[in-house]
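So the structure is just underneath, and the comments pick up after that.
Read-outs: derived from the displayed coordinates by stated rules, not from any lab. Predicted, not measured: the structure shown is a model, and the values here were computed from it. Counting neighbours? That spans all protein chains shown, and the Cβs are built from the backbone with ideal geometry, glycine included.
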Amino acid sequence: MSELDHFYVPTLNAVWNVMEKFSVDPRPIFENFGLHEKDLQDTSMRCHAYIEIALWHHAQNIIQEPCLGLSAGRDTWHPSQLGTLGYAWLASSTLESAFHRLSRFQHLVTNAYEVDIDRTETLYKVSIRYSKQNPAFQARSESIISTLLCMSRMNFGNNLEAQGVSFVHSAPEKIDKYLNVFNCQPEFSASSDSITFSMEDIRKKLPSANHIFAEMMDQSIIKALNKLETDNIVSQVKSVVLEQLSCGKVTEEDISGHLNMSKRKLQLKLADENVRFKSLLDEIRSNLAKEYLIEQKLCLSEIAFLLGFSEVSSFSRAFKRWTGVSPGQYKKS
């Protein structure tokens with residue numbers, strides 16, 4: 001598949017369930033795109049991303065229900081629709097770490113859009129950035145944003161309230177269904193589809209948290225992502241680095257050996273992608289360090305070990321070089 005066209009088939013259960021809810025038989029519609037009911041349970045199956053938006057178009061045209069996509073999150077979503085990412089979400093210690101995982105691992109589901117995070121002192125905004133090949137479409141936009149709320153409430157509880165929602169599409173004639181789902185005034189014709197929560201809620205410790213299970217799911221996701229991009233040398237290097245970090249064997253010689261190539265060949269392949277090994281290693285370590293510090297389950301010596309540093313002082317110096325602040329300052333903030 002090309003760079004911007006894959007979609008995780010089990011996620012299409014959302015469209016299938018919406019059709020059934022409104023007494024429409026989804027089988028002939030899905031089969032028209034080469035998909036059968038059993039395929040929606042196949043965790044190894046992917047399709048072109050245009051199929052997702054085409055299915056939403058079909059559902060909207062047949063059902064003729066205003067705000068159809070809002071039914072997807074509120075009534076039909078289940079964590080299994082996101083595969084291992086769904087279960088990693090449920091095991092996250094806070095909604096902040098859950099959304100961090102979603103943003104980081106979104107390509108496991110699709111690379112037709114990205115999940116962007118913006119923070120202020122009091123608000124946490126999650127926005128969807130679509131690719132040019134798959135622009136925003138009302139039913140799908142409604143589905144994504146309402147699903148994000150449903151996912152968050154599954155972890156936090158039904159008392160979680162959105163502080164704001166926005167949609168790229170123009171306002172429908174009636175917005176009562178939006179008010180009923182989100183319990184706040186929606187913004188239409190906005191620059192992005194988004195949902196906003198309070199920082200107090202987003203950082204609240206969750207009763208469903210399971211750090212060990214979440215880390216296991218992370219590793220499973222990383223391996224799955226690597227399989228999606230087996231021809232991408234950057235992804236291959238990242239995968240091997242992640243496997244070898246805690247062993248401390250993360251030199252160019254070590255990684256090139258695991259990839260069955262010489263150090264020089266690895267350097268040339270990375271140069272073709274305008275990437276240097278040291279920069280790639282720093283990026284991986286920096287991202288993991290931030291995630292571990294956000295989780296707040298590990299002490300600095302444990303984090304240093306997991307990132308392949310022999311001493312906490314070496315890790316602390318590297319972290320300050322990456323971020324401009326010490327690990328302790330980052331953890332407090």
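Quick rundown of the values:
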{"read-out": "Proxy reagent accessibility, fewest Cβ within 10 Å first, across D25, D42", "value": "D25, D42"}
{"read-out": "Restraint check, K38/K125; K223/K297; K297/K320; K125/K269; K238/K265; K249/K297, Cα-Cα greater than 28 Å", "value": "K38/K125; K125/K269"}
{"read-out": "Rounded, prolate or oblate (a/c below 1.5 giving rounded, otherwise prolate when a/b exceeds b/c) for the stretch 65-152 by Cα gyration tensor", "value": "rounded"}
{"read-out": "Ellipticity estimate at 222 nm from DSSP helix runs (n ≥ 4, -39,500 (n - 2.57)) divided over the chain, nearest 500", "value": "-15500 deg cm²/dmol"}
{"read-out": "Contact order normalised by residue count of the stretch 6-202, Cα under 8 Å, 6+ apart, percent", "value": "22"}
{"read-out": "The stretch 224-333: GluC sites (Glu not before Pro) in DSSP loop, at most 13 other beta carbons within 10 Å", "value": "E273, E311"}
{"read-out": "Sequence of T147, T43 once ranked by neighbouring C-beta atoms within 10 Å, starting from the fewest", "value": "T43, T147"}
{"read-out": "Environment charge of L95, counting only residues whose C-beta is closer than 14 Å and scoring Lys/Arg +1, Asp/Glu -1", "value": "+2"}
{"read-out": "Sequence-separation-based contact order of the chain, relative, with Cα cut under 8 Å and 6+ spacing, percent", "value": "16"}
{"read-out": "With at most 10 other Cβ atoms within 10 Å, longest stretch of the chain clear of loop trypsin sites (Lys or Arg not before Pro) (DSSP)", "value": "1-131"}
{"read-out": "In degrees, nearest ten, helix 49-63 long axis to first principal axis of the chain (Cα)", "value": "20"}
{"read-out": "Counting DSSP beta bridges with both ends in the chain, the antiparallel % (nearest 5)", "value": "90"}
